[in-house]
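Have a look at the structure below before the remarks.
The values are calculated or read from the model by the stated rules, or taken from the named source; none is laboratory data. In this text, all values refer to a predicted model and were calculated from it rather than measured experimentally. Note that we place each Cβ from the backbone using ideal geometry, even for glycine, and neighbour counts take in every protein chain shown.
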Amino acid sequence: MSSRSQSHLAAGWLAATVAACSGEPAAHGGEYRLPWPEVPLPAAEDPHDNPRTEPKRLLGRILFYDPLLSADRATACVTCHSEIWGLGDQLPRSIGVGGRGVIGPGRSGAHRSRRNSPALWNLGLRSALFWDGRASTLEEQVLFPLRDPDELAREPDDVIADLRASSPYRALFEAAFPQAEPAVSRTTFTQALGTFVRAYVSDRAPYDGYLRGDALALDAQDRRGIALFAQLECDSCHVPPRFDSDRYANRAVPDPEQLDDVGRFALSGAEHERGAFRVPTLRNARDSGPYFHNGAVADYRAAIAHEVEQQVALGAREPLSEEELTDLTQFLRRALTDTSREQHPLDEVPSGLMVPLDSERFLRGDREL
Ligand code: HEC
Ligand code: HEC
């Protein structure tokens with residue numbers, strides 16, 4: 001164990017002792033302080049060759065909803081990353097082209113993705129994308145779901161040809177990329193989608209309110225949860241203020257479907273990374289179950305309990321009582337959730353194809369299936 005984590009652990013125990021004696025969360029000089037540096041979430045920097053503009057973001061948003069990108073003309077990015085479902089789809093593994101049913105639980109089909117679809121929060125701050133870190137920028141990432149036979153299953157050049165043939169799309173690309181020649185290309189396509197995804201930011205949660213000076217944004221239960229999060233050393237991987245990191249770890253996640261996914265090992269070949277996956281963010285994670293790379297755990301509290309067990313087995317702390325697990329869960333559910341950036345799904349796209357239905361709109365009876 002590193003000296004950092006030892007002193008960290010000691011601070012955690014101290015906090016627990018203070019809390020036990022006074023019935024209050026750890027306080028320093030009478031004033032509440034977080035048990036880690038009080039740093040606000042930084043803004044994501046745009047790539048130097050792709051500065052954000054509103055026309056680009058709006059074009060990216062349209063592409064995100066348009067099933068023109070898929071081989072069956074019925075599947076889009078939103079099929080697996082829906083705001084209705086926390087930017088995931090609530091399925092352990094996603095269903096791509098050829099699937100039946102609305103977005104979300106109940107959708108079925110032969111083309112299942114290899115892994116759980118992650119929510120897309122604060123990805124502009126990351127330097128490793130996907131569960132195994134196989135892409136390093138959002139612009140690079142975009143072509144993976146296009147080509148994947150279980151996701152959108154289309155050759156990028158065919159999609160570009162379709163977009164070029166569409167006059168509404170040509171106009172949108174020309175407005176978003178006035179300097180580019182040609183305006184519709186793989187580069188501009190990936191830049192528009194990258195700009196759109198980068199705008200999914202979670203930075204107005206109660207936790208951020210506290211950092212901006214609202215002392216009451218974190219209630220007593222949040223503070224007890226925070227103390228436990230530090231004592232269990234969750235923050236060594238889920239590092240505040242992002243509550244993620246570009247590290248990889250094997251968390252001994254259950255493997256009910258016996259997928260034997262080797263994770264990062266397939267890229268690095270390093271034995272210690274066999275079964276290791278990139279540390280996901282806990283921001284907005286409340287809404288994006290099921291959890292872990294294979295979606296093996298449906299319930300958020302159960303996912304947290306699994307992670308607590310891992311830390312207890314490493315000797316970070318004695319097991320939590322049910323009450324303590326509730327405090328930790330409530331902190332993660334409440335204080336790290338910011339849904340203010342969510343927006344109403346698009347109803348129409350320039351291709352004229354039907355935007356994949358989410359079950360809310362389906363239940364509202366907006367359209368026939
Ligand atoms: C059929 C479902 C499906 C579709 C369609 C789909 N994705 Fe995904 N997406 C996934 C899955 C599953 C992963 C995780 C794959 C992995 O890590 O190996 C993922 C990962 C990602 C990531 C990386 C997230 C992270 O935390 O590193 C981004 C960004 C992303 N998708 C954006 C998109 C965009 C943009 C589109 C449309 C062009 C799209 N996805 C289409 C299922 C889908
Ligand atoms: C050694 C690094 C490490 C530590 C310490 C750690 N985690 Fe994790 N955590 C991960 C990784 C890696 C995953 C993804 C594992 C996978 O899917 O196979 C994960 C996944 C999770 C998830 C599921 C998130 C999702 O979107 O699927 C939750 C919740 C979670 N951790 C909470 C915690 C809590 C609470 C603690 C402290 C008790 C903790 N973690 C400690 C690395 C860590």
- Query: Listed residues Val97, Val102; which is modelled with pLDDT under 95 and of a type in the set (A, V, I, L, M)?
  - Reply: Val102
- Counting only residues that are in contact (Cβ under 8 Å) with a residue 40 or more places away in the chain and either within 16 Å of the chain's Cα centre (by Cα) or not assigned by TED's automatic domain parsing to the domain that holds Arg154 (or both), segment 80-128 contains a total of 26
- Query: With respect to the numbered conditions (1) more than 26 Å from Glu83 (Cβ to Cβ); (2) part of a loop (DSSP other than H, G, I, E, B), which one is the sole condition not fulfilled by Leu216?
  - Reply: (2)
- Task: For segment 305-350, enumerate the residues that are more than 23 Å from the chain's Cα centre (by Cα), surrounded by 18 or more Cβ atoms within 10 Å (Cβ to Cβ) and closer than 22 Å to Asp89 by Cβ.
- Result: Val349
- Among (1) out of contact with any Lys or Arg (no Cβ under 6 Å at 6 or more places or on another chain); (2) hydrophobic (A, V, I, L, M, F, W, C); (3) part of a helix (DSSP H, G or I); (4) in contact (Cβ under 8 Å) with a residue 40 or more places away in the chain - the single one Phe196 does not satisfy: (1)
- Regarding Gln231, is this residue crowded, with 19+ Cβ neighbours inside 10 Å and assigned by TED's automatic domain parsing to the domain that holds Asn284? yes
- Kindly indicate the residue of segment 83-116 that is buried (at least 18 other Cβ atoms within 10 Å of the Cβ) and among the polar types (S, T, N, Q) and also farthest from ligand 1 (Cβ to nearest atom) among those meeting that condition. Gln90
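Just give me the residues in segment 256-287 being polar (S, T, N, Q) and either closer than 17 Å to Arg93 by Cα or out of contact with any strand residue (DSSP E or B) (no Cβ under 6 Å at 6 or more places or on another chain) (or both), in sequence order. Steps first, answer last, please.
Keep residues of segment 256-287 that are polar (S, T, N, Q), which gives 258, 268, 281, 284.
Gln258, Ser268, Asn284, listed by residue number.
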- Task: Write out, first by first residue and then by second, each pair whose Cβ atoms fall under 6 Å of each other, whose residues are 6+ apart or on separate chains, and whose first residue, in segment 144-155, is more than 7 Å from ligand 1 (Cβ to nearest atom) while the second is of a type outside the set (Gly, Ala, Ser) and assigned to a helix (DSSP H, G or I).
- Result: Arg154/Leu146
- Message: Residues to consider are Phe196, Phe177; find the one that is crowded, with 19+ Cβ neighbours inside 10 Å and under 24 Å from the mean Cα position of the chain (by Cα).
- Response: Phe196
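Among the residues of segment 263-283, count how many are surrounded by 14 or more Cβ atoms within 10 Å (Cβ to Cβ) and within 12 Å of ligand 1 (Cβ to nearest atom).
9
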- Item | Residue among Ala119, Ala128 that is of a type outside the set (S, T, N, Q), within 16 Å of ligand 2 (Cβ to nearest atom) and surrounded by 22 or more Cβ atoms within 10 Å (Cβ to Cβ) | Ala119
- Take the residues of segment 229-251 that are part of a helix (DSSP H, G or I) and of a type in the set (Gly, Ala, Ser): which is nearest to ligand 2 (Cβ to nearest atom)? Ser236
- Note on the structure: When (1) more than 16 Å from ligand 2 (Cβ to nearest atom); (2) farther than 24 Å from Thr53 by Cα; (3) not polar (S, T, N, Q) are applied to Glu139, the one that fails is (2)
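A quick yes/no check of all residues on (1) within 8 Å of ligand 2 (Cβ to nearest atom); (2) aliphatic (A, V, I, L, M):
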site: Arg264; (1), (2): no, no
site: Ala270; (1), (2): no, yes
site: Ala285; (1), (2): yes, yes
site: Ala298; (1), (2): no, yes
site: Ala313; (1), (2): no, yes
site: Glu322; (1), (2): no, no
site: Arg333; (1), (2): no, no
- surrounded by fewer than 16 Cβ atoms within 10 Å (Cβ to Cβ) and not in a strand (DSSP E or B): does that describe Pro254? yes
- Query: In this structure, does Val159 turn out to be out of contact with any strand residue (DSSP E or B) (no Cβ under 8 Å at 6 or more places or on another chain), in a helix (DSSP H, G or I) and closer than 25 Å to Asp246 by Cα?
  - Reply: no
